[in-house]
Amino acid sequence: MGSCDRVVEVLREAPAVTLLTHVRPDADTVGSALALALALDRSGVDVEVGVPGPMPLPDALGRLPGAKLIVPAPEIVGNRTVVALDCASAERLDDLRDVFDSGTTRVVIDHHASNVGFGDVDLIDPDADCTAEIVLQVLDGYGADVDVDVATCLYAGLVTDTGSFRWARPGSHAIAARLLDAGVDGPGWTRTLLDTHRFGWLAMVADALRSAVLVPEAFGGNGLVYACVDHTWRDAIGWDEAESVIDLVRTIGDADVAVVFKESAPGRWTVSMRSRSVTDLVPVARAHGGGGHPHAAGFGFTGSVDEVVASFTTA
Ligand code: AMP
Ligand code: MN
Ligand code: MN
């Protein structure tokens, strides 16, 4: 039996399911969890969705259909069947890791190349553009109705993880067509998820871009460009507003690798990395205790930004 069939079987047998997103939740992890949650809820399954970590859910994600199925982390019951969505490793479950570990049937649904599997049933497809695509396969196997609400949650993951379809595979375009046919407001959700910021975002971006440094000799001469967003912006405009800075920095053609250091609290950093072509970021992320995909990866660290920059510039 394939892993997808096994996941479907597990879900069919479960009277109650806990679905978990990754820390610093994005549209793929939340959209995947909510799509599955909506389908299970309608089938009479007792379902709860948990979002780990100190970072609040971005406003746009709280407006996705089914968001009412999200339960505040302290109120999560923790069912015997637990599913981690879009989590490259157990560490990504942060303070809800115990909830996952306490399950008797632990399911991992993910698309990260760095994911070595940490569940009893691992459905991991590094060829999928997003976890939402894998969830769609599960929903089809389950016989769920992919109506406009479920489709909207899946589309949120698809449109964001493909960078508005910039690097979408042919199959992802076909899935997008199916979701749009189901009634998803594609332009509206794309604007909400990717093209909407608070006014203060402009000043934060200006500050971040002014901090940019080009290191042509890094990464074997393929080059590095990096920028920093300090923690003061988090309180002013929200943590998620800094997530878009990497999409500006990665456009610089002088360097293969682009990095943004985001300070979530004094001395605590989350690092976003992107590579344009030759550099495989998975080993770089792993070396720092993180993970991701060959061209998009990340990790966290504690210390001064000079310390971590040094490890890059000597790479
Ligand atoms: P981001 O820069 O946060 O958009 O992350 C880029 C990619 O790397 C995404 O697919 C993330 O899920 C993954 N990623 C980021 N941080 C980590 C981490 N600490 N561990 C594993 N994967 C990560
Ligand atoms: Mn994600
Ligand atoms: Mn993803």
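Read-outs: derived from the displayed coordinates by stated rules, not from any lab. What you see is a predicted model; the values in this text were computed from it and never measured. With ideal geometry, Cβ positions are generated from the backbone for all residues, glycine too; neighbour counts draw on all protein chains shown.
Within the shell of other residues whose beta carbon sits under 11 angstrom from the beta carbon of Ile246, the net charge comes to +1, with Lys and Arg scored +1 and Asp and Glu -1. When the charge dipole of the chain is built from unit charges on Cβ atoms (+1 for Lys and Arg, -1 for Asp and Glu) and taken about the Cα centre, the candidate among Ser311, Leu38, Pro72 whose Cα reaches farthest toward its positive end is Ser311. Residue-wise HN-Hα couplings along region 172-178, as the Karplus relation 6.51 cos²θ - 1.76 cosθ + 1.60 with θ = phi - 60° gives them from phi, are 6, 5, 5, 5, 4, 4, 4 Hz; Gly and Pro carry x.
The local environment of Thr81, defined by Cβ-Cβ distances under 12 Å, has a net charge of -2 under the rule Lys, Arg +1 and Asp, Glu -1. Kindly express, to the nearest 10 degrees and within the range 0 to 90, the angle between helix 148-161's C-alpha long axis and the longest C-alpha principal axis of the chain. The angle comes out at about 20 degrees.
Given Cα pairs under 8 Å that are at least 6 residues apart, what percent is the relative contact order of region 1-129? Reported relative contact order: 26 percent.
Taking every Cα-Cα distance in region 1-157 and sorting them into 5 Å bins from zero, the calculated P(r) comes out as 2, 11, 22, 27, 23, 13, 3, 0 percent.
Against the globular-protein guess of 2.2 N^0.38 Å, express the Cα radius of gyration of region 195-240 as a ratio, rounded to two decimals.
On the way: Rg = 13.5 Å, N = 46, 2.2 N^0.38 = 9.4 Å.
That ratio works out to 1.43.
Just need the Rg to Rh number for region 62-142, please, alpha carbons only, Kirkwood Rh. Before the final figure, lay out each step's value.
Values: Rg = 13.0 Å, Rh = 13.5 Å.
Value, to two decimals: 0.96.
Per-residue ellipticity at 222 nm for the chain, helices alone: DSSP H runs ≥ 4 residues times -39500 (n - 2.57), over residue total, nearest 500 deg cm²/dmol?
On the way: 13 runs with 121 residues, N = 315.
Mean residue ellipticity, 222 nm, calculated: -11000 deg cm²/dmol.
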